[in-house]
Each structure stands twice: as C-alpha cells, then as structure tokens.
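S.K.: Starting off with a structure, shown below.
The values are calculated or read from the model by the stated rules, or taken from the named source; none is laboratory data. What you see is a predicted model, and the numbers here were worked out from it, not measured in a lab. A quick note on method: Cβ atoms are made from the backbone with ideal geometry, for glycine too, and the neighbour counts reach across all protein chains shown.
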Amino acid sequence: MLDKKLFSNTSHASVYDYEFQKHLKSAPWQEWLGKSGYFEVKEEYLTKIHNWILSTKRNTVKGLERFKHRDLIHGTTQSFDEAYFRYKDRQLRIFRGEYAYHKRVNKNFKWLDDENGNLLEINDNDWIILSLPFCGNGDVHKHMGDIFEVCQQKNIPLLLDCAWFGTCENIPIDVYHPAITEVSFSLSKGIGLGNVRSGIRYSNYDDDGSPIRQQNNYNHLPLASAQIGIWQMEKFGPDYLFDKYENIRDYVCHINGIHTTNCIHIGLLPKHHAEYESYLVNNLYSKVGIRQALKDKGSRMLSSVTNNIKQGKTVADDPIFCLAPFTSVYYKASQKIASFCCVQEERQKIQTGETLSDWWVSDHSKNMRKDFLNGKWPSACSYCENKESAGHRSDRYDFRKFSKAIKSVSIDKGNEIEKPLYVDYRPDNLCNLMCTMCSPSNSNLVEKLWKQFPDLFPKKEETISETRNVEHDLIMDNAVINKNTIQLKVLGGEPTINSRVHDVFRYCIENGYDKNIDLKMTTNFTNINSTYELIDSFKSIKVNASLDGTGPTYEYIRRPAHWYKVKENIIDYFKRYENKKEKYGFSTNVVFQLANAFTMKDWIPELFELYYETGKNIISGKINFLNCTFPIGTQLSALPDKMKDPIVKDIEFLLEQFKGKDDQTHNLKQLLSYVQNSQFTERDLVAYQKRFKAMDQYKKTDITSLHPAFEELMNYEVK
Ligand code: SF4
C-alpha cells in the first residue's frame with residue numbers, strides 16, 4: 001500500500017525546498033526600499049527570467065525570440081485568464097490530465113482525447129491550452145506535434161503553458177512552430193514562489209486592450225513579486241530541484257513500483273500496480289504526487305544509505321542514521337532485556353505483562369528513531385559514536401544492508417511491516433567454556449568464577465543462571481519471529497548445547513519461516529552435533545567460529561576446550577559444506593587481547609592457514625579481529641609502552657612472512673594499529689595482575705607458562 005501522506009492521489013504540487021524559504025528570509029528589503037522608485041524592476045526581471053529559462057542544462061529551449069512581446073505576468077494563471085477572455089467565443093479544448101483549473105473555470109470545456117488517449121476531431125472554432133511538460137504524465141504529450149499541425153491548418157489559437165518548467169528534465173521546448181500563439185512561464189513551481197507569483201508571457205499580441213499588454217504598458221504590475229523573483233533566480237537555477245532530488249526520487253519510485261517521469265514531483269503507476277485505479281486522473285493517467293515522499297526524512301535517510309552502498313561508499317559517508325532501530329531487535333531472553341543491537345547502551349527490561357511488541361513501540365524506541373531521523377546520535381549509541389569519532393567502523397555498518405528490505409521508516413512503527421526483520425537472539429549464558437575475556441552474562445562457568453571472586457566484574461552483573469528457566473521465549477510468544485523475518489542470529493553461551501536455541505529453530509521450521517531466514521550462528525566449535533541437522537532447511541547458514549588463537553594460546557584462553565578437537569570439527573564443517581557455498585558460509589572472530597598478544601608468531605600462521613587455505617572454498621570475508629574492550633585487565637592497555645615493542649616486532653616479522661597476501665596483511669596491519677593505539681594505564685595493569693591470578697587459581701591454568709612476558713607483567717611495578 002502506498003502511504004497517501006507521502007504519495008498523494010489528489011495533490012501534484014511541486015517540491016518546496018527549505019532553501020527557498022531560507023534564501024527569501026535573507027532578502028535585502030532595507031536596501032530595496034531605500035531606493036527611490038523601489039521595485040521598478042520590470043525590464044530587469046524580463047531579461048533575467050528570459051536568460052534564466054535559457055540557462056537550463058537539463059532541457060532545451062528554442063524559438064522564444066520569435067515573439068515580439070515579453071510581458072510580466074502574475075504567473076501563468078494570468079495568461080490563462082486573459083486567454084479565456086480573449087477566446088470566449090471559441091470552444092476550449094484540453095487533453096485529459098491537463099491542469100484542472102481550466103475545467104473548474106470553464107465548465108463547457110471539451111476533451112481533445114478519449115479515454116484511450118486517442119485524438120478527437122478538432123473544429124475550426126476551438127482553441128487549445130497545452131502544458132509542456134504535460135501535467136498528465138510529466139512528459140511531452142504524445143499528440144503535441146499533431147495538434148500543432150491541425151492548429152496551423154485551421155488557424156486555431158494555442159497557448160503553450162510551461163508552468164512546470166523548473167521541475168523537469170529532457171523536455172525539448174521548441175516554440176518555433178507558427179501554431180503557437182503564446183507561451184507562458186512562471187517561477188511558482190521551479191523555485192518555490194507560489195505565494196509570490198510572477199512569470200513571463202511571450203506573444204505577438206499588439207496592444208488590443210487586453211489586460212496583460214495594458215498592464216505592462218502602464219506598469220500596473222506585481223513589481224514586488226518581480227523583485228523577489230530576481231532575488232531567487234540569482235540563487236536557484238531552473239535545474240535546481242532535479243539536481244537536488246533526482247537520487248531520492250529514483251529511490252522512492254523504485255522501491256514503491258512507481259515509474260519516474262520527466263518532472264521531479266510526479267510519478268506514474270503502471271497498469272499492473274495494485275493501486276493503479278486509486279491514482280487514476282481523468283481515467284487515463286495513474287498519477288502520483290511524490291512531493292512529500294521526496295521531503296520525508298526517512299526516505300531521505302534510506303535513499304542516501306542505499307545510494308552510498310551502490311557507489312561503494314563507507315558508512316562514514318552516510319548521514320548519522322542507523323537502520324537498527326527501524327529493523328532489528330536484540331533480545332536476551334534469560335534477563336528479558338531488549339535493545340536494537342548488541343552494543344547499544346540503555347537497554348530496556350521487559351516488565352512482567354509486557355511484550356516485545358510493546359517495547360518496539362515504546363517511548364524509548366520512538367525517541368531513538370526520532371534522533372536518527374533528525375540526524376543526531378541517540379545517547380544510547382555512544383559506543384558507535386565514539387568508535388566513529390576515533391576513525392573506526394562502527395556496528396551500524398552491519399545494519400545498512402536492511403535498507404533494501406524495507407520501503408519506509410517511521411518513528412512510531414519502525415517500518416511498514418511494523419516489526420523487526422532481524423532478530424538477534426541470546427537465550428542465556430549456558431556454555432561449556434570459560435574464556436578469559438568472557439563475562440558472567442555470557443557463560444555460566446564464568447558466572448561461577450565471578451561468584452567466587454565477586455570483585456572481578458562490575459556489580460551490575462546479575463545472577464543469570466537463576467533466570468535461565470523463564471517459561472517461554474517472548475520472541476516466539478509475540479511472533480517477533482514471523483513470516484517477515486529475514487535474519488536470525490543466535491549466540492550464547494554456546495548455542496549448539498542449548499535446548500532453547502533448538503526450540504527456536506523448531507519454531508521457525510514448524511511455521512515455515514526458516515525458508516525466508518538467513519541464519520547466523522556463533523559457536524565455539526567444540527562440537528558438531530544434531531544442531532546442524534536442524535538448521536539445514538534455513539535459507540542460508542553462516543557459522544561464525546570464535547577462535548582466539550591456536551594451540552596452547554587457544555587452550556589457555558578458551559578453557560577447557562582442546563584445540564586439536566576444535567580444529568578437527570572446523571575442518572569437518574569445511575568438508576561437509578565447501579561445495580555448497582551459496583548456502584553455507586564460515587567466518588571467524590578473534591578477540592585480540594593481552595593473553596594472545598605475545599604468542600602471535602606461534603598461532604597466527606596456523607590460524608591463517610586454517611582459514612585462508614583450508615577454508616578457502618567456504619569462508620566469507622577476512623578474519624574479524626576484534627580489539628578486546630572488556631573486562632578490565634584483559635586488554636592491551638595493561639601493557640607499559642616498552643613491553644609493546646616485542647609485539648610490534650612480531651607483527652612486523654609476520655607482515656614480512658605474509659607479504660603479497662592482501663587479506664593476511666590487512667589483518668596484521670589492523671593488529672598493529674590496535675597495539676600502537678593502546679594507552680597504558682596503571683589501573684589496567686593492576687587489574688591484569690589481580691584478574692589473571694584469580695582466573696588461574698580457579699581454572700587451574702598458568703598464564704606465566706604461556707610466555708615469559710606475563711611473568712614480567714605480573715611483577716611489574718610502576719615507578
Ligand atoms: S548506532 Fe550502533 S549502538 Fe546505535 S543502534 Fe546502531 S548499531 Fe546499535
């Protein structure tokens with residue numbers, strides 16, 4: 001359904017650009033009124049508008065010099081009014097779709113064409129008004145040439161109305177034909193002067209006592225309007241609207257199945273369009289007024305993101321606008337916490353009796369959308385905002401692709417489907433590992449560690465395991481996953497061992513939603529079990545392996561996993577699916593942190609070989625190295641500057657080793673920038689010493705056996 005507020009079937013007004021009003025406000029009234037004979041600008045106006053018309057680069061204009069007289073008028077309407085008077089004894093003929101004013105003023109008008117668009121007979125006593133561009137379809141009327149010939153043969157007057165000049169492109173305005181008795185232009189449509197009308201009429205009428213020539217001879221003219229017209233013409237050319245709105249016009253028309261025309265503010269519906277009938281004008285043209293859609297903030301945001309993607313531009317070129325609040329939900333079932341993405345702050349707790357649908361339309365959700373439509377960062381998005389200010393790509397990049405899946409965005413409902421299309425589902429913290437950089441909310445084993453060492457994590461962490469037994473998942477109960485869902489992402493804990501994840505997969509399959517869903521699952525690959533049989537029927541499957549090293553480094557960080565087993569499982573996955581790349585994908589996240597920084601020469605080559613060589617037929621993209629940001633004590637900021645030197649040297653060595661391999665060197669350069677940009681703080685050093693001692697005690701590991709630098713760091717004292 002076309003939104004009638006954006007796509008009008010009753011109004012086909014031109015685009016009013018805010019810049020028009022802004023420039024009007026700066027008009028030098030004092031200066032104008034300070035002159036004696038102020039507003040005496042008739043000749044200046046006529047010269048200006050004539051040259052302004054000829055200055056178009058998007059259209060061609062020829063033959064205006066054929067007319068003896070150039071008269072200043074109150075917009076094209078004044079030329080019509082005079083022509084009604086001049087030709088009152090003749091029969092007015094217009095085409096279907098023509099400017100409706102003629103019909104309203106001349107009740108006895110007659111059509112020039114039938115309902116199929118065929119030309120009807122023209123009589124000697126007729127006269128004709130024809131718009132160019134033609135108001136019915138924003139193009140040259142298909143019978144214009146025929147009409148000119150008949151008018152010439154039968155000596156029939158023809159007024160050519162160029163009121164829509166300034167809104168059009170590719171219109172050949174050639175007025176040499178002798179059949180044309182007058183041509184009028186105005187500034188109302190092209191540069192927003194509908195409330196301060198003025199224009200020009202070209203004719204060969206000598207002063208026969210008719211109003212326009214009389215008024216021009218006696219200078220009884222809208223001279224203040226002319227002065228303002230000059231002011232606006234100096235700023236805005238006749239192609240201004242097309243230059244500014246063409247991209248967004250193409251976008252809104254394309255996604256709504258509307259055909260573009262040669263006029264920026266109207267589109268046409270093809271016969272097969274579901275709403276063809278409701279936009280029909282005079283039973284011939286299904287004409288859509290698209291002015292509001294072009295000005296709609298949401299359309300503007302969506303079209304600029306889409307165009308940037310098309311042109312290969314990065315998210316840094318996008319406006320401050322994220323698609324997540326309009327398309328996505330991130331839901332932590334065990335804690336009943338919802339947000340639009342996994343990095344958003346100020347997440348919302350779904351209260352008893354509330355649903356995710358309530359959250360979707362809550363004030364908090366609406367306010368975030370409103371901020372983005374106003375081009376500013378919501379306070380909850382400081383993570384992305386800070387990342388981008390530091391010159392890094394933020395998470396909003398991942399949501400750009402959803403611009404293709406929706407036609408419109410709205411503050412109240414998010415999008416036209418009124419539900420999220422992407423569900424990021426985190427059931428609970430059930431996990432079989434206790435990784436160094438993990439938190440209690442992501443692993444029940446880390447939760448146990450935290451209970452023994454409560455100071456290791458911020459106080460706000462809740463006890464998760466107790467909430468694991470929530471009765472039902474709101475994403476199933478509220479049909480948050482439904483036939484419109486196009487992406488489902490599951491993370492744990494570890495999803496392959498979680499029956500709640502399996503329940504959600506079954507729910508999708510039983511309801512037939514799986515066929516439409518691109519499934520993404522992040523797993524630690526400690527096992528390949530029946531989960532993989534369950535996900536087979538989804539539209540596509542991308543499995544993301546969490547690996548933070550290989551060999552001893554891996555086993556230290558991802559305790560108690562065994563590297564040889566994980567590697568075997570990954571190779572198994574490659575073998576199973578490598579010939580089905582169109583459906584199955586594989587990617588890897590590596591959290592770059594203190595615990596894997598000193599052993600890179602050991603694990604990077606093996607990881608690169610596994611991913612880029614063994615997995616070459618199934619991988620999607622490069623290895624995703626994430627700079628560790630949590631918890632305190634696990635980051636490189638615990639390293640005094642001089643201790644970073646060997647890490648930098650190792651990376652330089654690896655860069656040499658992988659010279660010529662673009663993906664690998666890209667990864668290594670990224671790691672180098674993480675190391676170089678880390679800022680030592682004593683707080684983080686102390687946190688390292690405390691955290692790793694506690695973790696080693698609990699996990700029965702020993703960081704100092706991984707590399708001697710950890711021993712040095714454990715005993716490091718800031719002087
Ligand atoms: S800007 Fe970043 S934090 Fe905000 S909703 Fe988008 S992805 Fe999430």
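S.K.: Of everything in the range 330-355 that's under 22 Å from the mean Cα position of the chain (by Cα) and aromatic (Phe, Trp, Tyr), which residue is nearest to the ligand (Cβ to nearest atom)?
M.R.: Phe340
S.K.: Away from the ligand (no atom under 15 Å from the Cβ) and at positive phi: is that true of Glu418 in this structure? So that I can check it myself, show each step before the final result.
M.R.: Working: away from the ligand (no atom under 15 Å from the Cβ): yes; at positive phi: yes.
Yes, satisfied.
Each row is one residue, and each column tells you yes or no for (1) more than 30 Å from Lys700 (Cβ to Cβ); (2) surrounded by fewer than 22 Cβ atoms within 10 Å (Cβ to Cβ).
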{"residue": "Ile517", "(1), (2)": "yes, no"}
{"residue": "Phe525", "(1), (2)": "no, no"}
{"residue": "Ile528", "(1), (2)": "no, yes"}
{"residue": "Leu534", "(1), (2)": "yes, yes"}
{"residue": "Ser537", "(1), (2)": "yes, yes"}
{"residue": "Gly549", "(1), (2)": "no, no"}
{"residue": "Ala561", "(1), (2)": "no, yes"}
{"residue": "Lys575", "(1), (2)": "yes, yes"}
{"residue": "Thr588", "(1), (2)": "no, no"}
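S.K.: Which members of the range 1-56 meet the condition of being part of a helix (DSSP H, G or I) and among the charged types (D, E, K, R)?
M.R.: As a first pass, look at the range 1-56 and keep what is part of a helix (DSSP H, G or I): 18-25, 29-34, 42-54.
Once the filter is applied, which keeps residues that are part of a helix (DSSP H, G or I) and among the charged types (D, E, K, R), the range 1-56 yields Glu19, Lys22, Lys25, Glu31, Lys42, Glu43, Glu44, Lys48.
S.K.: A further question follows. If we scan the range 186-199, do we find a residue that is touching a Phe, Trp or Tyr at 6+ places or on another chain (Cβ under 9 Å), of a type in the set (S, T, N, Q) and surrounded by fewer than 24 Cβ atoms within 10 Å (Cβ to Cβ)? Steps first, please.
M.R.: Kept after step one, since they are touching a Phe, Trp or Tyr at 6+ places or on another chain (Cβ under 9 Å), are these residues of the range 186-199: 186-187, 189-194, 198-199.
Filter again for of a type in the set (S, T, N, Q), leaving 186, 198.
The next check asks that each one be surrounded by fewer than 24 Cβ atoms within 10 Å (Cβ to Cβ); those that pass are none.
No, the range 186-199 contains no residue that is touching a Phe, Trp or Tyr at 6+ places or on another chain (Cβ under 9 Å), of a type in the set (S, T, N, Q) and surrounded by fewer than 24 Cβ atoms within 10 Å (Cβ to Cβ).
S.K.: Scan Ile535, Ile509, Ile541, Ile528 and give me the residue that is in a loop (DSSP other than H, G, I, E, B), among the hydrophobic types (A, V, I, L, M, F, W, C) and on the phi < 0 side of the Ramachandran plot.
M.R.: Working: Ile535 fails: in a loop (DSSP other than H, G, I, E, B); Ile509 fails: in a loop (DSSP other than H, G, I, E, B); Ile541 fails: in a loop (DSSP other than H, G, I, E, B).
It is Ile528.
S.K.: A further question follows. Could you please find all residues in the range 582-636 being hydroxyl-bearing (Ser, Thr, Tyr) and more than 36 Å from the chain's Cα centre (by Cα)? Full working, then the answer.
M.R.: Pass one, the range 582-636, residues hydroxyl-bearing (Ser, Thr, Tyr): 584, 587-588, 599, 611-612, 614, 620, 629, 634.
Passing the criteria: Thr599, Thr614, Thr634.
S.K.: Give me a count of the residues in the range 472-499 that are assigned to a loop (DSSP other than H, G, I, E, B) and not polar (S, T, N, Q).
M.R.: From the range 472-499, those assigned to a loop (DSSP other than H, G, I, E, B) are 472-473, 478-486, 491-494, 498; that's our starting set.
Within this subset, residues satisfying the condition of being not polar (S, T, N, Q) are 472-473, 479-481, 483, 486, 491-494.
Going through the range 472-499 one residue at a time, the tally reaches 11.
S.K.: Follow-up question, since we're still on this one. May I ask you to say which residue of Asp371, Asp363, Asp358 is over 16 Å from Val315 (Cβ atoms), within 10 Å of the ligand (Cβ to nearest atom) and among the charged types (D, E, K, R)? Can you show your working first?
M.R.: On the way: Asp363 fails: within 10 Å of the ligand (Cβ to nearest atom); Asp358 fails: within 10 Å of the ligand (Cβ to nearest atom).
Of the residues listed, the single one that is over 16 Å from Val315 (Cβ atoms), within 10 Å of the ligand (Cβ to nearest atom) and among the charged types (D, E, K, R) is Asp371.
S.K.: What is the one condition in (1) touching a Cys at 6+ places or on another chain (Cβ under 7 Å); (2) of a type outside the set (Phe, Trp, Tyr); (3) surrounded by fewer than 21 Cβ atoms within 10 Å (Cβ to Cβ) that Asp371 does not satisfy?
M.R.: Tallying (1) touching a Cys at 6+ places or on another chain (Cβ under 7 Å); (2) of a type outside the set (Phe, Trp, Tyr); (3) surrounded by fewer than 21 Cβ atoms within 10 Å (Cβ to Cβ), Asp371 fails exactly one: (1).
S.K.: In addition: Does Lys295 satisfy the condition of being more than 15 Å from the ligand (Cβ to nearest atom) and either touching a Leu at 6+ places or on another chain (Cβ under 8 Å) or over 22 Å from Asn484 (Cα atoms) (or both)? Steps first, please.
M.R.: Numbers: more than 15 Å from the ligand (Cβ to nearest atom): yes; either touching a Leu at 6+ places or on another chain (Cβ under 8 Å) or over 22 Å from Asn484 (Cα atoms) (or both): yes.
Yes: the conditions hold for Lys295.
S.K.: Given the criteria in contact (Cβ under 8 Å) with a residue 12 or more places away in the chain and in contact with a Ser or Thr (Cβ under 7 Å, 6 or more places away or on another chain), does Arg201 qualify? Outline the logic, then answer.
M.R.: On the way: in contact (Cβ under 8 Å) with a residue 12 or more places away in the chain: yes; in contact with a Ser or Thr (Cβ under 7 Å, 6 or more places away or on another chain): yes.
Judged against the criteria, Arg201 is a match.
S.K.: Give me a count of the residues in the range 243-266 that are touching a residue at least 40 places away in the same chain (Cβ under 8 Å) and of a type in the set (Gly, Ala, Ser).
M.R.: Going through the range 243-266 one residue at a time, the tally reaches 0.
S.K.: Okay, next question. Here is a check on your reading of the model: is Phe80 more than 18 Å from Val175 (Cβ to Cβ) and touching a His at 6+ places or on another chain (Cβ under 8 Å)?
M.R.: Details: more than 18 Å from Val175 (Cβ to Cβ): no; touching a His at 6+ places or on another chain (Cβ under 8 Å): yes.
Against the criterion (more than 18 Å from Val175 (Cβ to Cβ) and touching a His at 6+ places or on another chain (Cβ under 8 Å)), Phe80 does not qualify.
S.K.: Give me the residue from the range 597-630 that is of a type in the set (A, V, I, L, M) and part of a strand (DSSP E or B) and, out of that set, surrounded by the fewest Cβ atoms within 10 Å (Cβ to Cβ).
M.R.: Leu626
S.K.: Please give the number of the condition Gln153 fails out of (1) under 48 Å from the mean Cα position of the chain (by Cα); (2) free of Cβ contacts under 8 Å to residues at least 40 places away in the same chain.
M.R.: Going through (1) under 48 Å from the mean Cα position of the chain (by Cα); (2) free of Cβ contacts under 8 Å to residues at least 40 places away in the same chain one by one, Gln153 breaks only (1).
S.K.: In the range 300-329, what residues are among the small types (Gly, Ala, Ser) and either more than 15 Å from the ligand (Cβ to nearest atom) or touching a Phe, Trp or Tyr at 6+ places or on another chain (Cβ under 9 Å) (or both)? Steps first, please.
M.R.: Here is the first cut: in the range 300-329, the residues among the small types (Gly, Ala, Ser) are 303-304, 312, 316, 324, 328.
Matches in the range 300-329: Ser303, Ser304, Gly312, Ala324, Ser328.
S.K.: Limited to the range 114-144, what total is found for residues that are surrounded by fewer than 21 Cβ atoms within 10 Å (Cβ to Cβ) and under 30 Å from Arg249 (Cβ atoms)?
M.R.: Of the residues in the range 114-144, 8 are surrounded by fewer than 21 Cβ atoms within 10 Å (Cβ to Cβ) and under 30 Å from Arg249 (Cβ atoms).
S.K.: Go through the residues of the range 69-82 one by one and say whether even a single one is under 21 Å from His143 (Cβ atoms), in contact with a strand residue (DSSP E or B) (Cβ under 7 Å, 6 or more places away or on another chain), of a type in the set (A, V, I, L, M, F, W, C) and in the same structural domain as Cys168 (by TED's automatic domain parsing).
M.R.: yes
S.K.: For the condition modelled with pLDDT of 95 or more and surrounded by fewer than 17 Cβ atoms within 10 Å (Cβ to Cβ), what is the one hit in Lys719, Lys661?
M.R.: On the way: Lys719 fails: modelled with pLDDT of 95 or more.
Going through Lys719, Lys661 in turn, just one is modelled with pLDDT of 95 or more and surrounded by fewer than 17 Cβ atoms within 10 Å (Cβ to Cβ): Lys661.
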